[in-house]
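The values are calculated or read from the model by the stated rules, or taken from the named source; none is laboratory data. Every value quoted in this text rests on a predicted model; they were computed, and no experiment measured them. For neighbour counting, all protein chains shown are included, and Cβ atoms are generated from backbone atoms with ideal geometry for every residue, glycine included.
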Amino acid sequence: MLTNNELNKEDLEVANIIKKEGLRQASELELIASENYVSEAVLEALASPLANKYSEGYPGARYYGGNQVIDEIETLAQERAKKLFSAEHVNVQPLSGSPANAAVYFAFLKPSDKVLGLKLDHGGHLSHGHPVNFSGLLYNFVQYGLDSDGRIDMDEVRRVALAEKPKMIVAGFSAYSREVDWQEFKNIADEIGAITFADISHPAGLIAAGLLNNPVPIFDVVMTTTHKTLRGPRGAIIMCKEQFAKQIDRAVFPGMQGGPHDNMTAAKAVAFGEALKPEFKIYATQVIKNAQAMATKFISLGYEIISRGTDNHMFVIDLRNKNLVGKEAEKALEKIGVSVSRSTIPNDPNPPYNPSGLRLGTPAITTRGLNEKDCELVAELIDQAIINKDDETTLENLKNQIKNLCKQYPLKY
């Protein structure tokens, strides 16, 4: 159990807010697919003296003195990530996912260059070319989508790629529940001489565990965040072929960032070390089992799931046959102590702020220890909350059931 002894003495107001959030996390279920619970070891690394250091540059080539020890931790993080993903080169300095994607674009593209990416409402990410995002503002994105079965339409990818000749093809997603054919993306890119860029922020932990296909040996460059299925601190890394190492490193520093956050680098190293242990594969396997059990239960309850199931840690529910939009469902579930994120669906008739779907993920509840039967129960409780979204008495009863379930699987801190 972590303590805040000094914080309690120095700033009780902040300490109490942190305690309140800790209690919220302990008594509620986290089904946001992009969130997880880090280990106490990761938290200790984040709160270490490494937070004090400034380290512009890279190991052996810093712009500040006193970085001999920092070089050791950054090199260790690099080597562990290489082993975890079979990567030739790794930059562990990116502070989060979108800036890391920006660095990749900066390394290979000039403003107005053409890029092919997945549509946001079909499961893509804002930084994959949405017009309100820097990616869509700076670069000329053309996009592909899902077919009628809710799968990435590889025929459309090839057709658009051959017609538009993009300089880069982005393969990755924020809300897609199926395995990705990385090799076919590479084959299409090779036909037109395009750079291949995979954003594996969501399934990275499942890929590291050997449960999903790994694009790192196939693609030119791969980015992942470290805080989702990898169960690490909030940050990112970029992996690439050795031939692109210098331009990726230059794009991160001095191109996009100044000094790295060395405490975060240490926490990444800890998380990579944890992911290299046999226990992590057991965890990742359960994440997928839990997601599949929950999705199957929702289908039996009459819900429509995009692509009719999942191969990974998440899935998207189409709420239109329940006469609801995502924001309404999200608010109802918040009242019973279940956190989810609303999500667009393919060709969504509603705007992104209030879309037609919900995205649910199992990384965090699996970290707590929930199993398939628990996930089926959670699906039933969510269903009851949606049906009774305006019945405060029923919602309060459901909230108590969620609290009791959480007590069976307490957090470690």
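For this structure, a couple of remarks:
- Pro351 being in the same structural domain as Asn290 (by TED's automatic domain parsing), over 18 Å from Leu301 (Cβ atoms) and free of Cβ contacts under 8 Å to residues at least 40 places away in the same chain: yes
- Residues in the stretch 237-257 that are touching a His at 6+ places or on another chain (Cβ under 9 Å) and crowded, with 19+ Cβ neighbours inside 10 Å: Ile238, Met239, Cys240, Phe244, Ile248, Asp249.
Each row is one residue, and each column tells you yes or no for (1) touching an Asp or Glu at 6+ places or on another chain (Cβ under 9 Å); (2) under 25 Å from Gly205 (Cα atoms).
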position	(1), (2)
Asn52	yes, no
Pro59	yes, no
Tyr64	yes, no
Ile73	yes, yes
Gln78	no, yes
Lys82	yes, yes
Gln93	yes, yes
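- Of Phe197, Phe244, all but one fail to be among the aromatic types (Phe, Trp, Tyr), at pLDDT 95 or above and farther than 20 Å from Gly145 by Cβ; the exception is Phe244.
- If you go through the stretch 334-349 and keep only what is out of contact with any Pro (no Cβ under 9 Å at 6 or more places or on another chain), over 26 Å from Tyr283 (Cα atoms) and crowded, with 18+ Cβ neighbours inside 10 Å, you end up with Ile336, Pro346.
- Looking across the stretch 1-39, the residues that are loosely packed, with under 12 Cβ neighbours inside 10 Å and touching a residue at least 40 places away in the same chain (Cβ under 8 Å) come down to Met1, Leu2.
- Hits in the stretch 294-323 - residues which are outside any helix (DSSP H, G or I) and either surrounded by fewer than 17 Cβ atoms within 10 Å (Cβ to Cβ) or hydroxyl-bearing (Ser, Thr, Tyr) (or both): Leu301, Gly302, Tyr303, Gly309, Thr310, Asn323
- Matching entry among Asp181, Asp149 (being of a type in the set (Asp, Glu) and at pLDDT 95 or above): Asp181
- Of the residues making up the stretch 189-221, those that are part of a helix (DSSP H, G or I), of a type in the set (A, V, I, L, M) and buried (at least 21 other Cβ atoms within 10 Å of the Cβ) number 5.
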